[in-house]
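Take a look at the structure set out below.
The values are calculated or read from the model by the stated rules, or taken from the named source; none is laboratory data. Keep in mind that what you see is a predicted model, and the values were worked out from it rather than measured. Here the Cβ positions follow ideal geometry from the backbone for every residue, glycine too, while neighbour counts run over all protein chains shown.
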Amino acid sequence: MNPSEKGHGFLDIILTVLFLGISVPALVQLFAVAVIGTTSLEIESRAVYLCEQKLEQIATDKMSPSRGYSYVTTTGRYPSESLTSGFTRTTTVTPNLSFNGVSYTSVVVSVSHPDIASVSMTTWITRY
């Protein structure tokens, strides 16, 4: 048999198996890290959405002719909520603040989840 016509030798097969044995577990671990990162980003996006949702509700309450500014600034109006999938949303309304002679109310909405850092959003509302 001519040396150029030989098939793969035993050493070639051993090196291929060794290469695959080292590279495949590393790729699997990289994939697992990517999946975990994607999951935490999805949870953070959901937390941002839940903050925005509450702020929109408060802005709607403030603009409503039947509710208005005094409704929003009433103590205890927006209690903490335990939401689905492990989310907790708290709303802190701090009325009677002033800046350069203008009265305003600070509204802070925070959403927490066991798998991410807490997400908070703040807005200020006035009587106007």
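The selection criterion, being modelled with pLDDT under 95, in a helix (DSSP H, G or I) and of a type in the set (Asp, Glu), holds for residue 42.
Just the residues that are under 19 Å from residue 117 (Cβ atoms), in contact with a helix residue (DSSP H, G or I) (Cβ under 8 Å, 6 or more places away or on another chain) and exposed (fewer than 12 other Cβ atoms within 10 Å of the Cβ), please, taken from the range 43-87. Scanning the range 43-87 gives a single hit, 85. Of all residues in the range 74-95, those satisfying the criterion of being among the polar types (S, T, N, Q) and free of Cβ contacts under 8 Å to residues at least 24 places away in the same chain are 74, 75, 80, 82, 84, 90, 92, 94.
Which residue is farthest from residue 71 (Cα to Cα), if the candidates are limited to the range 107-127 and must be aliphatic (A, V, I, L, M) and more than 10 Å from the chain's Cα centre (by Cα)? Among residues in the range 107-127 that are aliphatic (A, V, I, L, M) and more than 10 Å from the chain's Cα centre (by Cα), the one farthest from residue 71 (Cα to Cα) is 121.
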